[in-house]
Amino acid sequence: MTSSPDKPVRPTILLVGNYGPDRQMSMERYADMLRDGLKARGFHVLLVRPEKIVGGGVDDGGLGKWLGYVDKYLLFPWRLRRLAGGHDKVHICDHSNAMYLPWVGRQASITCHDLIAVNAALGRYPGHPVGFAGRILQGWILKNLRRATRVVSVSTKTQQDLQAFGWTGDGRVIGNCLNFDFHRVGAEDVTATKARYGLAADEPYLVHVGGNQWYKNRAGVVKIFAELLKSKRFQATRLVLAGKPWPQDLQRLVEDLGLGDKVIACIGASNEDIRALYSGAEALLFPSLEEGYGWPVLEAQSCGCPVIASDRAPLTEVAGHAAVFVDPEDCVGAARAIVEAAPSFANLGVQGPANAARFDVQVIMDAYAWFLMEG
């Protein structure tokens, strides 16, 4: 292949994605985004994922979960090695697949999204133990991740966490970009979406988007909301919890706090519904205890939704100056800070899209293109 001096040869890239049955939708979309973005910049790209041959996903439990390990860790590596030999560069899109590194060569690069699971397996989060198999898996991931020569971290916090484990390779911080078209939608779409979830057209609400992982702090979201209801400013406000079905302990908490129908479960909402909920909300309430990045912050800001987030990295890094920051473990203090900041919500809604633009898909894809050309 030849090229002109102002158009250097693009290496052929093999991207390694995640196992479909594990239903890691955000990671699947991330890999698709890298493939499409790099192709648009002239790279020859192949995205490969472990195939379902004998097993199921980790959510299936039992025999399906263990047979899924056969697909991922016994059968796929042989195919991966063959494919890697036919490409100039290999990039593993998710650090949880770092164990493939010996099969593709240490010069392969990896995107590290967070080290929450690794730290949990090491017992660094009291009250959140990890089982024996989980500790073995996370140890395997960390062992290979530390051997990687080139790693993209999605935030400075994630890079610092990796360096704390003694990693000293060639690193870049390249933030995440949105993998769906989040933007402010019109009142008609907002009203229709609110009606689907039992909200009146003129009814104010806060929204939280996230799963049931302990660090998402859904219990803290509910407790902060209960404190907010004590203020005149938020007496008429409701809370929308968008994401996974509520576990029993969260249901009990809502009942024990006497919140009744003040809290709405929005289960399995589409991206279009989430976009409309952001567009109509008074604010996103996102007091996570830990994050590798915090996608909902950018999603909300892109929709002109004010953001209330934890005063912890990387949320402070991602949200920039367009957010209200609170202590996620001080519910009373957090509520007080939110009430005091409420008059600035409109201004935050204006500032949000400008901050989110720092992580525009074109900016992020250009950064990846440079990273892969340099290595």
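The values are calculated or read from the model by the stated rules, or taken from the named source; none is laboratory data. Quick caveat: nothing in here was measured; it's all calculated off a predicted structure. Backbone-built Cβ (ideal geometry, glycine too); neighbour counts: all protein chains shown.
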Restricting the search to segment 343-375, which residues are within 28 Å of L14 (Cα to Cα) and β-branched (V, I, T)?
-> V361, V363, I364
Does E188 satisfy the condition of being exposed (fewer than 13 other Cβ atoms within 10 Å of the Cβ) and part of a helix (DSSP H, G or I)?
-> yes
Pull up segment 113-163, narrow it to residues that are among the small types (G, A, S) and touching a strand residue (DSSP E or B) at 6+ places or on another chain (Cβ under 6 Å), then point me to the one that is farthest from R29 (Cα to Cα).
-> A148
Go through segment 97-113 and give me each residue that's at pLDDT 95 or above and either small (G, A, S) or assigned to a loop (DSSP other than H, G, I, E, B) (or both).
-> A98, S109, H113
Within segment 268-292, residues being modelled with pLDDT of 95 or more, among the small types (G, A, S) and under 18 Å from the mean Cα position of the chain (by Cα) number 1
Which is assigned to a helix (DSSP H, G or I), over 26 Å from the mean Cα position of the chain (by Cα) and in contact (Cβ under 8 Å) with a residue 60 or more places away in the chain, of L75, L83, L67?
-> L83
Which one of these is within 19 Å of H95 (Cα to Cα), among the small types (G, A, S) and either in a loop (DSSP other than H, G, I, E, B) or in the same structural domain as N144 (by TED's automatic domain parsing) (or both): G166, G198?
-> G166
Of the conditions (1) more than 25 Å from T156 (Cα to Cα); (2) of a type outside the set (G, A, S); (3) without any contact (Cβ under 8 Å) to a residue 12 or more places away in the chain, the single one that P126 does not satisfy is (1)
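Listed here are the residues, each with its yes/no results for (1) among the charged types (D, E, K, R); (2) over 20 Å from G375 (Cβ atoms); (3) over 23 Å from the mean Cα position of the chain (by Cα); (4) modelled with pLDDT under 95.
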site	(1), (2), (3), (4)
D6	yes, yes, yes, yes
V9	no, no, yes, yes
R23	yes, yes, no, yes
M33	no, no, no, yes
H44	no, no, yes, no
V48	no, no, no, no
G62	no, yes, yes, yes
Scan the strands (runs of 3 or more DSSP E) fully inside segment 280-374 and keep the ones with 1 or more residues being within 30 Å of D202 (Cα to Cα) and touching a Cys at 6+ places or on another chain (Cβ under 6 Å).
-> 283-286
Does segment 205-214 contain at least one residue that is under 24 Å from R29 (Cα atoms), at pLDDT 95 or above, of a type in the set (A, V, I, L, M, F, W, C) and buried (at least 18 other Cβ atoms within 10 Å of the Cβ)?
-> yes
Right, L145: under 19 Å from V104 (Cβ atoms) and either among the hydroxyl-bearing types (S, T, Y) or crowded, with 19+ Cβ neighbours inside 10 Å (or both) or not?
-> yes
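Please indicate, with yes or no, whether at least one residue in segment 247-266 is in a loop (DSSP other than H, G, I, E, B), outside the structural domain of K157 (by TED's automatic domain parsing) and surrounded by 18 or more Cβ atoms within 10 Å (Cβ to Cβ). Before the answer, list the steps.
Here is the first cut: in segment 247-266, the residues in a loop (DSSP other than H, G, I, E, B) are 247, 257-259.
Subsequent filtering for residues that are outside the structural domain of K157 (by TED's automatic domain parsing) retains 247, 257-259.
Adding the requirement that they be surrounded by 18 or more Cβ atoms within 10 Å (Cβ to Cβ) leaves none.
No, every residue in segment 247-266 fails to be in a loop (DSSP other than H, G, I, E, B), outside the structural domain of K157 (by TED's automatic domain parsing) and surrounded by 18 or more Cβ atoms within 10 Å (Cβ to Cβ).
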Among residues belonging to segment 290-301 that are surrounded by fewer than 24 Cβ atoms within 10 Å (Cβ to Cβ) and touching a Pro at 6+ places or on another chain (Cβ under 8 Å), point out the one that is nearest to H128 (Cα to Cα).
-> G292
Within segment 328-360, the count of residues that are surrounded by fewer than 16 Cβ atoms within 10 Å (Cβ to Cβ) and within 22 Å of the chain's Cα centre (by Cα) comes to 5
